[in-house]
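The values are calculated or read from the model by the stated rules, or taken from the named source; none is laboratory data. All figures in this text were calculated on a predicted structure; none of them were measured in a lab. Neighbour counts run over all protein chains shown; Cβ positions are idealised from the backbone, glycine included. Side chains included, ligands, DNA and RNA excluded: accessible areas come from the protein's heavy atoms. Shrake-Rupley method; radii C 1.70, N 1.55, O 1.52, S 1.80 Å.
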There are 2 protein chains.
Amino acid sequence: MTTHESVTKPALPDVSGLVVGVLGGTGDQGRGLAFRLAKAGQQVVIGSRTAERAEAAAAELGLGVRGTDNAGCARDSDIVIVAVPWDGHADTLSALREELAGKIVVDCVNPLGFDKQGAYALKPEEGSAAQQAAALLPDSRVTAAFHHLSAVLLQDESIERIDTDVLVLGEDREATDLVQALADRIPGMRGIFAGRLRNAHQVESLVANLISVNRRYKAHAGIRITDV
Amino acid sequence: MTTHESVTKPALPDVSGLVVGVLGGTGDQGRGLAFRLAKAGQQVVIGSRTAERAEAAAAELGLGVRGTDNAGCARDSDIVIVAVPWDGHADTLSALREELAGKIVVDCVNPLGFDKQGAYALKPEEGSAAQQAAALLPDSRVTAAFHHLSAVLLQDESIERIDTDVLVLGEDREATDLVQALADRIPGMRGIFAGRLRNAHQVESLVANLISVNRRYKAHAGIRITDV
């Protein structure tokens, strides 16, 4: 699909028929991901605390995107991206344990603090946002991905391709393969398996470094993995 | 110099006349860095616990590389790369506080643990190896860089270019600029400022993820920052 595909890259499953939910789909990151996935032909449902806000955001996006409350979004989706703010992460997921049972959950939350010197990593008690999700959702297949995408680029309709890699973490090979395949659907993106959830913290908090890069170079930085 | 140079990238100083020391220069990472820097025309001194081992490794490398004990290496160099194993990090640096005073120190140590499931991040009490170095060397200008380089690629003489970015962290702009310029000397490499030392932990421990990438894809993975 892209010039970055390597001959050694294992074949990934077809995810084109799966419904993707985006919890926190009215935020910048969630809306941007919903837009890119819907534009790539994926069926997308965005969730928000109130159905009305989600419906309004969905109508704005078009592309067949539907909006509903977080519980409905979780229930109606095969793969559920968690794009809520870090401070609502635990509460949102705890409330959705039942709706998310059996689903593939993709945590893309970056626990960060901010002060005058910029961004810095917060260390969740569980080790990372993804590990917190796994602890709160024992009946779900929790993965972590989509941490390093610029919400500005995601939402810019004039941009056709976003050339970046998506690091995908998780314990369950079938689940990480599906999430990699989902990332591959977006032009320019490539899903790369990058380890187990115990190594999610550094992937999540690398966003603090990308924020420093963005400040210094006036960029919307992302990352690529070389030699893959 | 490379196609990755962006017009917005600030001009960097000339470091071609500076002497670069590599503490732990007989290890794979240190020897690889010494080789690449010497090959790029830099004056390089490698240090080891015993002068004899350093001299032997230097003779093997050729390219004008000298070898001596760690104290001599620190004393004779303008920029000192710390490439010692994590378990010798604190002791080595504590013993060199005087020799390293006033020097630019570049910590490239990745505190990792290993078990059956692969690599995982260790969290130094100070936050990161680089912050430990800064705490132990209050009279030095401590930066962090060169974490994500494959020792295999560095040491492979048949490889002319190593296409990867070098994330450079530190508090002192002049020091990080010099370290970026040093990275830029190696064909294919590019030094990118990536934040303060308080954000070094995730950069150091991202190596655990690259090890997972290497296992899955049989690669020698590195990273590139996009949009810079």
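Figures for the structure shown
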item	result
Karplus-derived 3J(HN,Hα), 6.51/-1.76/1.60, for each residue of the range B:193-202, Hz, glycine and proline x	5, 9, x, 7, 4, 5, 9, 7, 4, 5
Residues with amide H under 5 Å from that of B:A221, placed H, sequence gap 5 or more	B:N214
Rounded accessible area per residue of the protein assembly as shown, 1.4 Å, Å²	39 Å²
Fraction of antiparallel bridges per DSSP, the protein assembly as shown only, in percent to nearest 5	25 percent
GluC sites (Glu not before Pro), loop per DSSP, at most 16 other Cβ atoms within 10 Å - longest free stretch of chain B	B:6-97
B:V228 accessible area, assembled protein chains, probe 1.4 Å, Å²	20 Å²
Heavy-atom SASA rank of A:S16, A:S212, A:S158 (probe 1.4 Å, accessible area, largest first)	A:S158, A:S16, A:S212
Choice from A:G25, A:G67, A:G17 showing the highest fluctuation, given a GNM over chain A with Cα pairs closer than 10 Å	A:G17
Options B:W86, A:V228, B:A145, ranked by Cα towards positive dipole end of the protein assembly as shown, top entry (Cβ charges)	A:V228
Kirkwood Rh in Å, taken over all unlike Cα pairs in the protein assembly as shown	22.7 Å
5 angstrom amide H check on A:I81, placed H, neighbours 5+ away	A:G21, A:V22, A:L23, A:V106
Electrostatic dipole magnitude of the protein assembly as shown [Cβ: Lys, Arg +1; Asp, Glu -1; Cα centre; debye, to 20]	380 debye
Relative contact order %, the range B:162-214, counting alpha carbon pairs below 8 Å whose residues are six or more apart	39 percent
Cα centroid of the range B:109-187 to Cα centroid of the range A:93-140, whole Å	28 Å
Kirkwood hydrodynamic radius of the range A:1-119, Cα pairs, Å	15.0 Å
Relative contact order computed over chain A (Cα-Cα under 8 Å; 6+ residues apart), in percent	19 percent
Straight-distance crosslink candidates among lysines, where the alpha carbon sits under 16 Å from B:K218 and sequence neighbours closer than 8 are dropped	A:K9
List of the range B:113-133 residues, accessible area with partners at least 50 Å² below that of the chain alone (1.4 Å probe)	B:Q117
Beta bridge orientation in chain A: antiparallel %, DSSP, nearest 5	20 percent
At 1.002 mPa s and 20 °C, Stokes diffusion of chain A via Kirkwood alpha-carbon radius, µm² per second	124 µm²/s
